[in-house]
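First the structure, in the form of structure tokens, and then the observations on it.
The values are calculated or read from the model by the stated rules, or taken from the named source; none is laboratory data. Remember, it's a predicted structure, so these values are computed and weren't measured experimentally. Cβ coordinates were reconstructed from backbone atoms using ideal geometry, including for glycine residues, and neighbour counts include every protein chain displayed. Just so you know, the surface numbers come from the protein's heavy atoms only, side chains and all, with ligands and any DNA or RNA stripped out. Shrake-Rupley method; radii C 1.70, N 1.55, O 1.52, S 1.80 Å.
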Amino acid sequence: MRSEGGFDLVAISLVVALGLSLYAGRMQAAITLTPGSKLLQRHFYKKLNTCANVEPFVRHQVTLWWNRENNITAKLLKLLYADCMVNGCDASILLDGPKTEKESDKNSGLDGFVLIDKIKKVLEIRCFQAVSCSDILHLAARDAVYLSGGPSYPVYLGRRDGMESKASWVDLPSPAISIEQGIAYFKSKGLDDMDYATLLGAHTMGKTHCANLNDRLYNFDKTGKPDPSMAKSELEKLRKQCPKTLKKGQRDPTVFLTDRNGEQYKFSNNYYSNVVSNKAVLKVDQDLLRSYNTTQLALEYAGMLGHFKQQFALSISRLGGLNLLTGKQGEIRLNCRFTNKNNPYINHHAK
Ligand SMILES: *[C@@H]1O[C@H](CO)[C@@H](O)[C@H](O)[C@H]1NC(C)=O
Ligand SMILES: *[C@@H]1O[C@H](CO)[C@@H](O)[C@H](O)[C@H]1NC(C)=O
């Protein structure tokens, strides 16, 4: 059963290794999956004979949604990241209720839950209580990334869902942290600086609120001046979109993280071209040039879309292996918003 999973793992590593060897003198880093991923398998549900067609079912729902709202890709990537980095990939981000991860300020813009509910509903009809919410999230994100022009990659399956919304959990770090702190945070999770530079590339699509960049435009580090690392043309453009003060009752506007991809929500390497030409929108993006390894990667990805795609597939699979519940751990939720114990729609006294 493992051999096929093992083979795929080798296949990915090989592709990446080939990509790497073309680039002399570059860093040797993440070319294998994280240890947790070894607990997962390709075609897990098919092999167990619990849901042979789970992948086509998910792909169908994601495609229907994406055809109406292509921005779902950015939303699913954010969900997946917020889930896996906090408490591991256990679908804890999907739980409703007070003091849940969903309620954190850091996650205030999260969206995409309704699509996950939709997929779960279909799967509960087709394959009763077989497929975890956590696996659904990973499959859906993969399919959306591909529809947006990103890489196609295998998703290793067999994750189970967390059973409780923990009373205490360590939230995502502030977006204002330095690159050293950001990389240290990734390393504390078992990822590395290559994953950091690569997963930030998800900012090739999506939007952010002006509040997240206004200091760079008007009062950087409380100097009363803009961020000197931002290119003049970018500064002028962003100042037009993000006024210094909002009119009474005006909502904080949003800007595209990678303007050139805009409404198309296209998976491309334009994000890295912006970074290397000092046109990144957020400080966390522009700061990729403040560390040697990440600068090298930004240059490489800006020049070679294929390298970015390959490494993105690997880094997101590495992310998908963090702190997993597998085997008899956790549970398969019936509704992604509730643990089975807290699910108000389950009659716990039946049987
Ligand atoms: C940069 O890459 C080298 C080679 O892979 C690695 O040893 C080093 O730890 C990396 N630096 C950081 C800050 O992660
Ligand atoms: C996502 O796309 C849909 C359809 O184009 C649109 O109605 C919605 O406002 C978009 N959401 C965001 C956050 O841009």
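Couple of notes before you dig in:
- Residue of SER152, SER37, SER268 that the Gaussian network model of the chain assigns the largest fluctuation, springs spanning Cα pairs under 10 Å: SER152
- Percentage relative contact order, the chain, counting C-alpha pairs under 8 Å, at least six apart: 26
- Distance from the alpha carbon centroid of the range 228-242 to that of the range 282-341 works out to 29 angstrom.
- Among residues other than ASN107 with Cβ under 13 Å from its Cβ, the summed charge is -2 (Lys and Arg +1, Asp and Glu -1).
- Max mean-square fluctuation residue, GNM over the chain, Cα-Cα springs under 10 Å, options ASP117, ASP195, ASP90: ASP117
- Surface per residue (accessible, 1.4 Å probe) for the chain, Å²: 48
- Here the chain is treated with +1 on each Lys and Arg Cβ and -1 on each Asp and Glu Cβ, and its dipole about the Cα centre works out to around 520 debye.
- Ordered from highest to lowest accessible area with the whole protein assembly present and a 1.4 Å probe, PHE113, PHE57 read as PHE57, PHE113.
- Under 16 Å from the Cα of LYS244 - aspartates and glutamates, other chains or at least 8 residues apart: ASP215, ASP221, ASP227, GLU234, GLU236, ASP252
- Cα principal axis extents for the chain, largest first, Å: 68, 55, 37
- In the elastic network of the chain, a GNM with C-alpha springs shorter than 10 Å, the most mobile of GLY303, GLY150, GLY224 is GLY224.
- Separation of the range 60-118 from the range 121-176 is 8 Å, based on Cα centroids.
- Restricting the range 175-251 to trypsin sites (Lys or Arg not before Pro) in coil, as DSSP defines it, with at most 12 other Cβ within 10 Å: LYS244, LYS247, LYS248, ARG251
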